[in-house]
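Asker: Starting off with a structure, shown below.
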């Protein structure tokens with residue numbers, strides 16, 4: 001398969017280690033803070049993120065929470081560290097009908113290659129609409145493949161040979 005095909009594989013060049021990937025950009029996420037194991041992100045409720053009843057789709061809320069925990073983790077691990085969500089749980093507390101949604105995340109535990117995170121999603125009035133917990137695992141090779149971050153030296157990234 002050609003790397004230029006719509007279905008991949010794709011290489012990415014991202015502006016910084018703590019930055020939103022294409023999917024998060026598609027959803028309109030913005031990183032307001034990511035430091036010391038905490039992150040604050042926001043995302044607007046767009047019509048394209050609504051489910052059939054006109055409420056924000058639960059998958060969009062979960063994506064925001066997962067990304068917020070990722071940014072909190074990125075704020076405490078070495079640039080270029082490869083890790084992935086291995087488990088998550090979300091509890092929906094009330095519907096979102098409009099506005100700018102806030103995600104407040106923190107790393108709650110770190111043990112060896114396992115990191116746990118918590119996130120609370122708030123509506124524009126500051127009411128909790130979802131609680132979220134997740135578990136991440138750091139890969140043994142600890143390098144991001146097929147992604148280049150402009151602020152990470154090339155020697156710390158592993159890219160496959162050109163096609």
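Every number in this text was worked out from the coordinates using simple rules, so none of it is lab data. Keep in mind that this is a model prediction, so the values were computed, not measured. Heads up, the Cβs are rebuilt from the backbone with ideal geometry, glycines too, and the neighbour counts pull from every protein chain shown.
Asker: Rank the residues 92, 132, 83 as a footprinting-exposure proxy: fewest other Cβ atoms within 10 Å of their Cβ go first.
Answerer: In increasing order of surrounding Cβ atoms, one gets 92, 83, 132.
Asker: If you average the sequence gap of Cα pairs under 8 Å that are 6 or more apart and divide by the length of segment 12-156, what percent do you get for the contact order?
Answerer: Across segment 12-156, relative contact order equals 29 percent.
Asker: Next question. Quantify how much of the Cα-Cα distance distribution of segment 12-156 extends past 27 Å, in percent.
Answerer: Taking all Cα-Cα pairs of segment 12-156, the fraction more than 27 Å apart is 20 percent.
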